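Below: one structure, written as structure tokens.
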Amino acid sequence: FAPSDLIVNVRDSVPLTQGEVEGFVDAVTNNGIQQAQIGAMLMAIRLNGLSADETIHLTRAMMQSGEVLQWPEEWTRQKRVVDKHSTGGVGDKVSVVLAPALAACGMKVPMISGRGLGFAHGTLDKLEAIPGFQISCSTVKMREILDEVGCCIVGQTETLVPADRILYAIRDVTGTVESVPLISSSIVSKKVAETLSALVLDVKCGKAAYMKTEKQARDLAESMVSSSCGVGVETVAILTRMDNPIGNYVGHSLEIIDAIETMQGNGPSDLVELVCTLGGHLLKNAGKVSTPMKGYQLIEETIANGSALEKFRLMMQAQEVDETTANSLCKKDVDFFSIFRPSKLKTDVKADSEGYISSVDAFALANVINSLGAGRAKAGDQINHSVGLHLRKHIGERVEKGEVWLTVHHESPLSGDHLKTIRNTLELQDKELPAGCASRIIDI
Ligand code: URA
């Protein structure tokens, strides 16, 4: 194995064989290559790309660099092990609803999730707003929870895809994060190491997504679907719009409230649409239903009949939330702020004029609440779970001059700049927007 030969091949766009890619990943994982050579290889890939086949080889080799989860033969035979990945957005609490809803349909969901990255908040950080919720979990415990409850949402274990940890750290400091084959193999290798029967990808595009344009999102979606299918997991990607915040709330404990209200049947329509669409496609690909629409309806039913909420309650308990807290959070008229510490301050923001809401800039709003404590400046920083936003009006709705459209939950006083930025995120128009304007689904 001569790393420099491989680097030269990628530099000169000579395709790598499966064996060569495996040799590279093995050397990365087992200290058999210099850091400078890894950096050069990543830069060559960043500049010249990889073919679909090379990306599949890379994804498979990365997946095999560590532990690959094993499930009872019956689950695999019945195609019951499923998961979802989202490329991240503002107010995205889909996983918190979807995992229990799928479990209520008889699926097994070993969801390995992430912390906040850049402006977007992470599912693990949101779940940690629930007193006692434990996100670290051994693979043995995961299997027990899946057996008893059907779903868990946990952090990445040390043993899963070690090659990604090494490559990601080097990408972070060599300007090689933004590369479709590298992003695709990084995300997909971690998902397929869960040994799934079916996977659904929510690939977001817009102002508050990592992929700003539809073309970029489509390229990433195609690469991820090709890699995931290439290693044997039935996968579908859904392109979704990410310009305006998802749902009624942004911020950690506030988003858990949004998720629970959704499972109680009072969810915002855009969140419900995302959960049911993504879940519907998974159920179809897992062979549970004959069409995505039937799957959509089945997920809707788990919300309407309370079985998704019951799975969420059991999941919380399995992940070490005490029984009283878990029960209280799922009660009908729960006072959420008897369980979540409320922020010290709340500020209502009123509309300066009247009209129909055409846009609410989620990216700018996320940056404001991150600067107020909801985000991290660097890895390991503490985050404030109480800071966030309550969106009282949504796209397409009418707002009158002086009407409150947003409430900020914060700990320290808002500056004039904060308020100005927040006010500027709201765009109004005179003409009513067309029906369906709030839908986020672009393409499947
Ligand atoms: N998330 C990942 O896990 N990997 C990437 O490369 C980008 C986002």
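Observations on the structure shown:
- For the residues LYS207, LYS212, the requirement of being in contact with an Asp or Glu (Cβ under 6 Å, 6 or more places away or on another chain), basic (Lys, Arg) and modelled with pLDDT under 95 singles out LYS207.
- The residues of the stretch 281-297 that are under 16 Å from ARG80 (Cβ atoms) and either buried (at least 21 other Cβ atoms within 10 Å of the Cβ) or not aliphatic (A, V, I, L, M) (or both), listed by number, are HIS281, LEU282, LEU283, LYS284, ASN285, ALA286, GLY287, LYS288, GLY295.
- Within the stretch 150-159, if we keep just the residues that are surrounded by 15 or more Cβ atoms within 10 Å (Cβ to Cβ) and not in a strand (DSSP E or B), the residue that is farthest from the ligand (Cβ to nearest atom) turns out to be GLY150.
- All strands (runs of 3 or more DSSP E) inside the stretch 345-444 with 2 or more residues being at pLDDT 95 or above, under 25 Å from ALA217 (Cβ atoms) and of a type in the set (S, T, N, Q): 355-360
- Complete set of residues in the stretch 335-364 that are closer than 17 Å to ILE257 by Cα and either within 25 Å of the chain's Cα centre (by Cα) or in contact (Cβ under 8 Å) with a residue 40 or more places away in the chain (or both): PHE336, ILE339, PHE340, ARG341, PRO342, SER343, LYS346
- Neighbours by Cβ (under 7 Å, 6+ apart or cross-chain): first from the stretch 175-193, hydrophobic (A, V, I, L, M, F, W, C); second near the ligand (Cβ under 9 Å from one of its atoms) and assigned to a helix (DSSP H, G or I): VAL177/ARG171; LEU182/ARG171
- Filter pass, PHE312 being at pLDDT 95 or above, assigned to a loop (DSSP other than H, G, I, E, B) and touching a helix residue (DSSP H, G or I) at 6+ places or on another chain (Cβ under 9 Å): no
- Of the helices (runs of 4 or more DSSP H) lying entirely inside the stretch 16-132, those containing at least 1 residues that are farther than 30 Å from VAL360 by Cβ, in contact with a Lys or Arg (Cβ under 9 Å, 6 or more places away or on another chain) and more than 15 Å from the ligand (Cβ to nearest atom) are 18-29, 35-48, 73-77, 94-104.
- Residue-level check: of (1) out of contact with any Gly (no Cβ under 8 Å at 6 or more places or on another chain); (2) under 23 Å from VAL96 (Cα atoms), PRO245 misses just (1).
- Failed item, numbered, when VAL10 is tested on (1) crowded, with 21+ Cβ neighbours inside 10 Å; (2) within 16 Å of SER184 (Cα to Cα): (2)
The values are calculated or read from the model by the stated rules, or taken from the named source; none is laboratory data. Computed from a prediction, not measured in an experiment: that's the story for all the values here. Ideal geometry is used to build each Cβ from the backbone, glycine not excepted, and the neighbour counts take in all protein chains shown.
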